[in-house]
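> Pasting in a structure now, in structure tokens, and then I'll have a few things to ask.
The values are calculated or read from the model by the stated rules, or taken from the named source; none is laboratory data. All figures in this text were calculated on a predicted structure; none of them were measured in a lab. Virtual Cβ from ideal backbone geometry, glycine too; neighbours counted across all protein chains shown. To get the accessible areas, we keep the full protein, side chains included, count just its heavy atoms, and leave off ligands, DNA and RNA. Shrake-Rupley method; radii C 1.70, N 1.55, O 1.52, S 1.80 Å.
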Amino acid sequence: MCGIIGYVGDEAAAPFLVKALKNLEYRGYDSAGIATICNGKVCAEKDVGKLEQVCGTHDLHGLPGNVGIGHVRWATHGDVTQANAHPHFDCKRQIAVVHNGIVENYQDLRTALECNHRFVSQTDTEVIPHLIEEYMDAGASLEQAVLQASKQLKGCYAFAAVSVKEPDKIVATRRESPLVVGSNAHRSFIASDALAFLEETNRVVFLEDGELVVLSKDITFLDNDGKPVKKDFKEVDWKWDQATKQGYDYFMMKEILEEPQAIRRATMQDRKLLLEMAIGILRSKQVVITACGTSRFAALVGRYLFSRLAGKFCDVIMASEFQYFSDSVDRNTLVIAVSQSGETADVIQGVKRAKENGATVYSMVNTVGSSLARMSDSVLYLNCGPEIGVAATKTFVSQLALFYLLSFTMANKLDDGLHDLLAICPKIEENVTKNNKKLQILAQKTRDKNDFYYIARGINFAIALEGALKMKEISYVHAEGMPAGELKHGTLALIERGTPVVVVCPNDYTYEETIANAHETKARGAFVIGLSEETHPIFDDWVVIPDVDEIFQPLVTVVPLQLLAYYSALTRGRDPDKPRNLAKSVTVK
Ligand code: F6R
């Protein structure tokens, strides 16, 4: 959803900006650009394409000056064109702006500005430099102009501005889009994510909605009335090299292989906090889990765990739909929001509404200091380090691990549960080794298939959904997951000779019924891929899974499906880390 970066320091800005943008590319990769201030001029380069391509055709590294801003784009308003790439400028090209978010009222602002200002892009962003220009022409300083401009904007944004009139500084502000400031003795940064500059410093400050930061030799924070506020730097414990590929071809593979370690790290929680949260859940009249995409599938597994281990029923609502249920949310409601990024706009919006209605909010988040973490009453962190591949993999198993911890605590069985959970990790490791070659061959075998179906029952139903989501998002193949029992209520009509049907059927109390559903597809010609501990005559292909207790099955069934999607993407010539049209942190609604 776009990444922004700003740098002020002793050395040339451009190399730092390019390096930081590389770390932000997971947020958007359809175009890139930077602008620096030097000798009374804005120097800028921008174009469409991934950062590497843009660096290949434009001398981004060579832009002069010690102050600069940069951007990687995930298009919302306007096509993917050079004119729409950031930075954007005012009429005199004295001001440059990079922006993440959506200015909802840009059309009205643009119409009002158009009598005096010349627009060259189709973006919502371009109104910002022109607004700043208006205020600076009327005598405002850069920070006053940014403050006044931001008061005109509706929607969500984080933006950073530079001006030749005040060449030593960057002014940045945010509302509902992330912005973090980092600093060491020689250089200061602002960015959408601390990962951007983690190689330089891990001392950070997160900006609150409406706050401004003025980055120059000193760093000043202002509130939304322009009054100075004191904010303390704190250290984040992520290491920058966790965000490098460390020899792997793709982040996604590295992150799948990190899953056992991710589970172990997720178990490192404060027991007192777990107990408080478990009691909170048990005592709540109504518990609603809200999340999007893969995080929602983790929540669906969590719902089974709450019910099976602790007899606590709860609902799971897609975050983008949650706000429409706000009539039923009140002070007796406990909302559990699950989001690896902690910045997903739909989740934030739903949680805000729920809080307005008096609900208590717990969250499960990976990114320390993210918006969701800061607005929650209690937070459990995934602790699995940065996930860079756009497809969520290790964060999914970490979220599952947190649901296990909460459920075991609710059932007063945390020690036994922890022991059993940790015993799953080596089984995942062995299983990856066992299946790796087989899944590559399977991806080859099915490379001409463009419709996949995934079925399962019970606790694995959400894994069927997740397997299908992974396949479609990185391979661009149509894939649907559903409870096996639902097939015959419509989808069966789509099964033809050779249609791959992935049947997740561990040998538990759902086995016989799921196999019966697999038979129904086979009778229509399906190519049945079975995931089970043992093979079965109905399987055309068999992916072995380790024999584990029923409640832990999602941890072992999901990994082969992630690998199948990964190899299918490679077989079809796709980049699994940067699937088309998607970005990792979905900060727009
Ligand atoms: C799929 C994927 C997305 C995210 C979804 C929610 O692989 O990554 O479906 O799960 O956008 O993101 P978070 O968890 O950051 O709220």
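> Assuming a ≥ b ≥ c are the square roots of the Cα gyration tensor eigenvalues, decide whether segment 2-236 counts as rounded (a/c under 1.5), prolate (otherwise, with a/b larger than b/c) or oblate.
rounded
> Given labels modelled 7 Å from the Cα in the Cβ direction, how far is it in nm from Thr571 to Asp451?
Taking the two extended label points, one gets 1.9 nm.
> Something else about it: Mind listing P(r) for the chain? All alpha-carbon pairs, 10 Å bins, whole percents.
All Cα pairs considered, the percentages come to 4, 17, 26, 24, 17, 9, 3, 0, 0.
> Under a 1.4 Å probe, what is the accessible area of the chain per residue, stated in Å²?
Roughly 38 Å² per residue, with all protein chains present.
> Let me ask something additional. Which whole-angstrom value gives the distance between the alpha carbon centres of segment 517-589 and segment 360-404?
Cα centroid of segment 517-589 versus Cα centroid of segment 360-404: 24 Å apart.
> I've got another one for you. Normalising by the residue count of the chain, find the relative contact order in percent from Cα pairs under 8 Å and 6+ residues apart.
RCO, the chain: 12 percent.
> Which entries of Lys394/Lys427; Lys254/Lys413; Lys151/Lys227 have Cα-Cα distances beyond 23 Å here?
Lys254/Lys413, as the Cα separations exceed 23 Å there.
> I've got another one for you. Mind checking the dipole of segment 251-412: about its Cα centre, +1 per Lys or Arg Cβ, -1 per Asp or Glu Cβ, Debye to the nearest 20?
I would put it at about 420 debye.
> Apply 1/(1 + (r/R0)^6) to the Cβ-Cβ distance of Thr57 and Val80, taking R0 = 22 Å, and write down the FRET efficiency to the nearest 0.05.
0.90
> Find the centroid of the Cα atoms in segment 1-50 and in segment 445-479, then give the distance between the two in whole Å.
What the calculation gives is 37 Å, centre to centre.
> Charges only on Cβ, +1 for Lys and Arg, -1 for Asp and Glu: so what's the dipole of segment 478-589 about the Cα centre, in debye to the nearest 20?
Numbers: 10 positive and 16 negative charges, 191 e Å.
Charge dipole, segment 478-589, about its Cα centre: 920 debye, nearest 20.
> Expressed as cubic angstrom per residue, what is the convex hull volume of the alpha carbon set of segment 251-412?
94 Å³
> Could you order the peptides 502-508, 444-450 from most to least packed, using the average number of other C-beta atoms within 10 Å per residue? If you can, show how the numbers build up before the last one.
Values: 502-508: 24.9, 444-450: 14.7.
The most tightly packed comes first, giving 502-508, 444-450.
> Okay, next question. Take every DSSP beta bridge whose two residues both sit in the chain, then give the antiparallel share in percent to the nearest 5.
Percentage antiparallel, nearest 5: 60.
> If I fit a long axis through the Cα atoms of helix 414-445 and take the longest principal axis of the Cα atoms of the chain, what angle between them do I get, 0 to 90°, rounded to 10?
Tilt of helix 414-445: around 90 degrees.
> Follow-up question, since we're still on this one. When Lys and Arg each count +1 and Asp and Glu each count -1, what net charge do the other residues less than 12 Å away from Ala161, Cβ to Cβ, add up to?
Details: positive: Lys165, Lys169; negative: Asp90, Glu133, Glu143, Glu166.
After counting each charged neighbour, the total is -2.
> Now for a different question. In the chain, carbon and sulfur make up what percent of the accessible area (probe 1.4 Å)?
48 percent
> Assuming a ≥ b ≥ c are the square roots of the Cα gyration tensor eigenvalues, decide whether segment 469-589 counts as rounded (a/c under 1.5), prolate (otherwise, with a/b larger than b/c) or oblate.
prolate
> Got a sec? Charge dipole of segment 251-412, +1 on Cβ for Lys and Arg, -1 for Asp and Glu; which of Asn412, Leu402, Ile336 is way out at the positive end?
Going by the Cα projections, it comes out as Asn412.
> Cα centroids of segment 231-303 and segment 127-182: how far apart, whole angstrom?
So the two Cα centres are separated by 34 Å.
> Now, a different point. How much net charge surrounds Glu208 when only the other residues with a Cβ under 10 Å from the Cβ of Glu208 are counted, with Lys and Arg +1 and Asp and Glu -1? Please list the in-between numbers first.
Working: positive: Arg174, Arg175, Lys231, Arg374; negative: Asp209, Glu211, Asp223.
Net charge around Glu208: +1.
> I've got another one for you. Return the calculated 222 nm mean residue ellipticity for the chain, to the nearest 500 deg cm²/dmol, obtained by summing -39500 (n - 2.57) across DSSP H runs with n ≥ 4 and dividing by the residue count.
That calculation yields -11000 deg cm²/dmol at 222 nm.
> Along Cα→Cβ, 7 Å out, is where each label goes; now give me the distance between the ones at Glu533 and Lys227 in nm to one decimal.
6.6 nm
> With +1 on each Lys and Arg Cβ and -1 on each Asp and Glu Cβ, and nothing else charged, work out how big the dipole of segment 2-236 is about its Cα centre, in Debye to the nearest 20.
Value, rounded to 20: 180 debye.
> I would also like to ask the following. Under a point spin-label approximation (7 Å from Cα along Cα-to-Cβ), what is the Ala112-Glu512 distance to one decimal in nm?
Taking the simple label geometry, Ala112 and Glu512 are separated by 7.0 nm.
> Once the Cβ-Cβ distance between Lys437 and Asp315 is put in as r, and R0 is 51 Å, what FRET efficiency do you end up with, to the nearest 0.05?
Result of the calculation: an efficiency of 0.80.
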